[in-house]
Structure formats: structure tokens, C-alpha cells
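Reviewing the structure listed below.
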Amino acid sequence: MGDSPFDKLKDLAAEHGDKIEGVVDKIADLVDDKTGHKHTDKIESAVEKAKGFLGADAADDEPPPQAPPEPSSGTTP
């Protein structure tokens, strides 16, 4: 069959993560205003988790970092 709906959603999130983050911020501001700023810390925590999920998908596509080369001892073999 093709990609699952979840895979398609992950692909869209990876492609448009910056736009999604902007929407998440706007929604968080709206909810924070509507709740009278009584739950700001919880809202900010949820926003960071949502952004973390978006960032985690992007990080999964990147190759792992390479180990730095070992320093030479100053002698040649």
C-alpha cells in the first residue's frame, strides 16, 4: 500500500516545521490570554514539547555527527 497517514504527517511536519512552530506559538498566546495567564508555565511547557517533536523528526533525518580525528603524536609511522 503506500505510506501510512502517520508517515505522511511526519513528512509534512519535517517540510513545514517552521510554519507549524509559528502556528503553535500563536495558539499558545491565544490560550494564555483566554486563561488569564493563570497557566502560562504549563502552556510554555506544552509548546516546548510540541517544538521538540518537530525538531526530533528533523534530527532523525540528519546523519550522526562524526567523531573528531585523534590528535597526532608528532611522529610519523
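Each value in this text was obtained by applying a stated rule to the coordinates, not by laboratory testing. No experiment lies behind these values; they were computed from the predicted model shown. Don't worry about glycine lacking a Cβ; one is built from the backbone with ideal geometry, like all the others, and counts go over all protein chains shown.
Protection proxy ranking, highest mean first, for peptides 29-38, 7-16: 7-16, 29-38, where packing is the per-residue count of other beta-carbon atoms within 10 Å, averaged.
Which value results for Rg/Rh of the range 5-55 when Rg is the Cα radius of gyration and Rh the Kirkwood radius based on the inverse mean 1/r?
Using Cα coordinates only, the ratio equals 1.07.
Listed by chain and number, the lysines whose C-alpha is less than 26 Å from the C-alpha of K42, apart from same-chain residues fewer than 8 away, are K10, K19, K26, K34, K51.
Computed extension length for V24-E44: 6.2 nm, one decimal, from 0.36 nm per residue of separation with the Cα-Cα distance subtracted.
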